[in-house]
1. Considering each of 425, 353 in turn, give the residue that is of a type outside the set (A, V, I, L, M) and out of contact with any helix residue (DSSP H, G or I) (no Cβ under 7 Å at 6 or more places or on another chain).
2. Give me the pairs, please: first residue somewhere in region 231-254 and farther than 24 Å from residue 105 by Cβ and modelled with pLDDT of 85 or more, second residue anywhere and among the hydrophobic types (A, V, I, L, M, F, W, C) and not in a helix (DSSP H, G or I), beta-carbon distance under 7 Å, and either six or more positions apart or on two chains.
3. Cβ-Cβ distance below 7 Å, separation of 6 or more or different chains: which pairs start in region 410-437 with a residue that is on the phi < 0 side of the Ramachandran plot and end on one that is not in a helix (DSSP H, G or I)?
4. Out of all the residues in region 264-280, is one or more in a loop (DSSP other than H, G, I, E, B), at pLDDT 85 or above, more than 23 Å from the chain's Cα centre (by Cα) and among the basic types (Lys, Arg)?
5. Hey, can you tell me all the residues within region 319-338 that are within 22 Å of residue 164 (Cβ to Cβ) and in contact (Cβ under 8 Å) with a residue 60 or more places away in the chain?
6. With respect to residue 161, determine if the residue is assigned by TED's automatic domain parsing to the domain that holds residue 426 and more than 30 Å from residue 358 (Cβ to Cβ).
7. Can you confirm whether residue 169 is under 26 Å from residue 352 (Cα atoms), of a type outside the set (Lys, Arg) and at pLDDT 80 or above?
8. Quick one: in region 367-384, which of the residues that are over 13 Å from the mean Cα position of the chain (by Cα) and surrounded by 21 or more Cβ atoms within 10 Å (Cβ to Cβ) is modelled with the highest pLDDT?
Amino acid sequence: MEWWVYLLAFFSGLGVLLLIGLPVAFAFMLVNLVGVYFLWGGVSGFNQIILSIESSISTFVLVPVPMFVLMGAIMFHSGIARKMIEVLDHWIGFIAGRLAVLAILTGAVLGALTGVAMGSVAILGSTLVPEMRQRAYAKSMMLGPILASGSLAILIPPSTLAIILASLGGFSVAKILIAIVVPGLLLAVMYASYIVVRCTLNPELAPPYEVPHVPMAQRLRETAIHLLPPISVIVFVIVSIFFGVATPTEAAALGAFATFVLAGLYGKLSWSVLRSGIGSATSLSIMVLIILTGSAGFSQLLSFSGVTTAITSFATDLPVHPLVLLLLMQLVVIFLGMFLEQTSIILVTVPIFLPIIKAMGWDPIWFGTIMMLNLEMATITPPFGLSLFVMKGIAPPSVTIGDIYKAAVPFIMINLLLMVLMVFFPDIVLWLPSLMD
C-alpha cells in the first residue's frame, strides 16, 4: 500500500474520532491499536505498543511537568497569585488603557504559575470584563487584551508545553525553557505597548478614570511582602536551570517545595488549600501524561508505514527556499490550531516535522520556540481557537463571536510580527541558550 494511503487513513481516523468528541488520549490510542493490528502482525503487535506506552511516560524528562503544575496550583489556590495581581494593579497608576495593561501583566503572572491559556482567559475574563464594561471600555479593548494575556501562558516559563515538545522532539528541556524567556517577555512588552499607544491616540477606546491613590510606602511594602517572594521562586527556577546549578527536574522540585514553604509563611497552607491544589495538579498532570501515551505508538506507526521517510524526502526535495518550507510547516500548525488544542497539535506534527528539521539542518530549539509562538497564537485564531470560545462563554450576552474575532486580530498580527523577527533574527531565541554551553 502507498504511504499516502496510510497517512490518509491515520489522520482521517483521528479526525473522525476527535470530531465525535472522543478524548484526545483515547483517539490516539484507538488509532494506534487499529494500526498495530494491521501493520504489526495482529494481536502479537499489542505487546510492542504496550512497551512503547511504558517508555513514553517513564522517562525522567517528564518529571518537571507535575512539579511545575503543582507549583502553580498551590500559588493559585492559596491566594498568592491574587495578591500579586493586586500589587501590580497599584503600580500601574494612571496610564492609558490601565485595565487592559493590567490584563497583560496579570496574564504573564498567571502564565508563569499555570501555563494554561484557557484558564487565564477564564479567570481574567470573569474578573476584569465587568469592570471594563463599567468603565466604558470599547469591546475591542475589553476582549482583545484578555485573549492575548491568556495566550502568554504558553511562552512564559516554566511552560509544561515546552517540556512536552522537548520530550517528544528529543532535545534539551533546559534550553527550550530558557529559549522562550526572551520571546515571552518581548511579546508581553509588544502587547502592552500596543495598548498604551492605541489608547493614547484614541482615548475613547479606554476612557481614563480616577484611581485611588496608594502611598509609595504602602506600594513598596506590599511589593516586598506579596510580589517579590513568589517572583523570586519563579526566577530561582529559571536561573538555576540557566546556570546549570540544577536540572529542570531538580529545579521544578525545589520550586514546588519553595512554594509550599511560601504558602506556609503567609499562613495560607490550610488543609483545603492542600486538597484543592494537589487535587487539581494531579488531575491536570494525569491528563497530560495520558495524552503522551499515544505519542510513541503514533510515531512508530508513521515510521513503520513509510510515511515519515516519504514526507521527509518530499519536503527536502521541493524546489523551494528553506524559508518557504518553514512557512508551510507553520501554516499547518496554524490550520490545526483552528480545530485542536496545543498538546494534540504537537502529537500530530512533531513525528512528521522532526525528520524534516534534522534533514534541513535547523536548530531544533529555534524551530521549537517558533512553533511554541505559533501554538500560542492558535488559541486566539478564528474561527475555532479554544480561548475564543472560553471568552464567549464568560462575556456579556451583548458580545457576539464576531466581536471576539475582531478583538483578537490586532494581537494575532503582533504575534506574526514577532514570529517574523524570530525567523530573521534567530538570536532572539538562541542568545540565552547559547550562554548555557
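The values are calculated or read from the model by the stated rules, or taken from the named source; none is laboratory data. Note that the coordinates shown come from a computational prediction; the quantities given were computed from them, not determined experimentally. Note that each Cβ is placed from the backbone with ideal geometry, even for glycine, and that neighbours are counted across all protein chains shown.
1. Being of a type outside the set (A, V, I, L, M) and out of contact with any helix residue (DSSP H, G or I) (no Cβ under 7 Å at 6 or more places or on another chain) holds for just one of 425, 353, which is 425.
2. 240/246; 254/246
3. 411/380; 412/380; 412/381; 430/363; 436/244
4. Among the residues of region 264-280, at least one is in a loop (DSSP other than H, G, I, E, B), at pLDDT 85 or above, more than 23 Å from the chain's Cα centre (by Cα) and among the basic types (Lys, Arg), which makes the answer yes.
5. Across region 319-338, the qualifying residues are 326, 330.
6. no
7. Here the answer is yes, as residue 169 does meet what is asked.
8. 367
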